[in-house]
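S.K.: This structure is in structure tokens; I'll ask about it shortly.
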Amino acid sequence: MKIISIRSSLHSVPLKKPYTIAYNTFSAVELVLLEIELANGIIGYGSASPAEEVVGETPRQTAQHLASDVIQQLVGRDIRHFQQLIYEVRQQFPIYPGTLAAVDIALHDAFGKFLGIPVVELYGQKIKALLTSVTIGIKDVAATLAEAEEYQRMGFRVLKVKTGIEVEEDIERIAKLYERFGRSMVLRVDANQGYTLERLQQFLQATQSFGIELVEQPLPVGSERDLLQLDPFWRGRMAGDESIKDPAAALCWAAGDRPFGIYNIKLMKCGGLSGAFSIAQIAAAAGIHLFWGCNDESTISITAALHAAYANENTRYLDLDGNFDLQEDLMAGGFRLEDGYMYIGTGAGLGLIPAP
């Protein structure tokens with residue numbers, strides 16, 4: 001079945017509420033939409049929202065790449081060769097994971113629809129459902145507790161708390177959350193490279209009785225080996241994020257003494273499902289668990305990440321909440337959320353439907 005049209009567009013979408021992390025505050029997001037149409041009328045949808053500070057690519061660059069002759073040359077090609085097409089695009093845009101992700105996701109969606117099966121079934125579904133965390137940005141104690149209570153009323157059971165500016169305030173926020181919710185809410189922490197080793201050790205010592213499930217990217221990229229000074233218990237709970245941008249980095253930190261017991265995979269870091277599976281295979285061979293994350297993203301790419309996550313048996317954690325705070329979205333459907341658990345929909349491809 002031939003590809004007859006490829007269309008892309010850039011959309012600026014405000015967030016429902018701004019949020020702060022260790023190095024920035026966000027109030028809106030730029031989303032790139034890609035549509036790949038087949039001769040029988042099937043349309044495969046892809047999207048991208050790369051973080052420039054992490055991967056060096058902006059959504060505007062992504063949109064420019066997707067409108068280029070390189071991508072338009074896929075018109076006339078057969079969707080049954082989608083893996084070859086992904087490979088060819090990767091050769092042309094090797095350092096632009098947002099561009100790769102949009103193409104990779106759209107081709108997967110189109111091919112799944114062509115076969116009439118969900119994308120996850122191309123690889124075999126290993127996991128039925130997991131809880132996803134929802135993220136609380138850096139804010140004062142009262143605002144942190146208020147947002148946590150809102151999420152609990154909505155049925156969520158796992159909180160990921162952004163930290164990394166003032167360690168004493170971070171400790172107080174975690175202590176107050178544990179005091180308020182106890183074990184009824186699982187706590188995760190994301191420092192976004194904001195700690196030194198000494199501050200991380202201070203944080204871990206002060207919060208060790210609060211049942212923190214994992215700590216995401218506590219130290220700056222380049223300081224990974226400092227984590228080897230932690231005891232094995234805590235190293236097993238360290239999740240590499242900005243340090244794990246591609247399969248080469250995943251391989252580097254999987255060998256010998258490992259600073260991370262968990263790898264965070266984002267499709268916007270590694271270039272879509274194909275890059276994600278390469279990282280996942282390396283992690284599986286090393287006994288490293290997977291934690292699937294996201295930026296502020298469309299339901300399109302969140303759903304694609306969920307399909308990839310459930311196709312890998314070493315997946316343990318989800319943080320796929322990037323579409324929840326968008327005031328509007330590019331598409332709807334894809335998955336359903338029940339009591340904090342994420343379930344893949346039954347539709348072919350990614351099971352997306354037009355946004356209302």
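The values are calculated or read from the model by the stated rules, or taken from the named source; none is laboratory data. Computed from a predicted structure; not experimentally measured. All Cβ positions, even for glycine, are placed from backbone atoms using ideal geometry, and neighbour counts span all protein chains on display. The protein model used for the area step is the full one, side chains on, heavy atoms only, and it has no ligands, DNA or RNA in it. Shrake-Rupley method; radii C 1.70, N 1.55, O 1.52, S 1.80 Å.
S.K.: Evaluate the charge dipole of segment 85-244 about its Cα centre and quote only its size in Debye, nearest 20, assuming +1 on the Cβ of each Lys and Arg and -1 on the Cβ of each Asp and Glu.
M.R.: Roughly 580 debye, rounded to the nearest 20.
S.K.: Glu168: accessible area at probe 1.4 Å, nearest 10 Å²?
M.R.: Counting only protein heavy atoms, the figure is 110 Å².
S.K.: Still on this structure, I have one more. Going from most exposed to least, what order do Ile43, Ile265 have by accessible area with a 1.4 Å probe?
M.R.: Highest to lowest solvent-accessible surface, that is Ile43, Ile265.
S.K.: Follow-up question, since we're still on this one. In Å², what does the accessible area per residue of segment 259-350 work out to with a 1.4 Å probe?
M.R.: 26 Å²
S.K.: Shifting gears a bit: Starting from the Cα of Ile4, step 7 Å along the direction of its Cβ; do the same at Met154; then give the gap between the two resulting points in nm.
M.R.: 4.0 nm
S.K.: Quick one: how many Å² of Thr144 are accessible to a 1.4 Å probe, rounded to 10?
M.R.: About 0 Å², rounded to the nearest 10.
S.K.: If you put +1 on each Lys and Arg Cβ and -1 on each Asp and Glu Cβ, how big is the dipole of the chain around its Cα centre, in Debye rounded to 20?
M.R.: It works out to roughly 780 debye.
S.K.: Anything over 32 Å Cα to Cα? Flag those among Lys126/Lys176; Lys128/Lys269; Lys113/Lys139; Lys139/Lys245, in the order listed.
M.R.: As for pairs spanning more than 32 Å Cα to Cα, those are Lys126/Lys176; Lys113/Lys139.
S.K.: Between Lys176 and Leu251, 0.36 nm times their residue separation minus their Cα-Cα distance comes to what?
M.R.: Roughly 23.2 nm would be gained on extension.
S.K.: Tyr341: accessible area at probe 1.4 Å, nearest 10 Å²?
M.R.: 70 Å²
S.K.: In debye, nearest 20, what is the charge dipole magnitude of segment 197-345 about its Cα centre with +1 on Lys and Arg Cβ and -1 on Asp and Glu Cβ, if you could check?
M.R.: The calculation lands at about 500 debye.
S.K.: Putting +1 on Lys and Arg Cβ atoms and -1 on Asp and Glu Cβ atoms, find which of Ser298, Leu330, Ala250 reaches farthest to the positive end of the dipole of segment 219-356.
M.R.: Ala250
S.K.: Shifting gears a bit: When the C-alpha atoms of segment 202-267 are aligned to their principal axes, what extent does each axis show, in angstrom, from largest down?
M.R.: Per principal axis, max minus min of the Cα coordinates gives 35, 25, 17 Å.
S.K.: Which residues among segment 180-198 fall inside the zone where the amide N is under 20 Å from a point 7 Å beyond the Cα of Ser223, along Cα→Cβ?
M.R.: Under cut-off, by backbone N: 189-198.
S.K.: From the residues Leu74, Ser184, Ile165, which one has its Cα farthest along the dipole of the chain in the positive direction, the dipole being from +1 and -1 charges on Cβ of Lys/Arg and Asp/Glu about the Cα centre?
M.R.: So the residue furthest toward the plus end is Leu74.
S.K.: If I model a spin label as a point 7 Å beyond the Cα along the Cα-Cβ vector, how far apart are those points for Glu169 and Thr20 in nm?
M.R.: About 0.5 nm, to one decimal.
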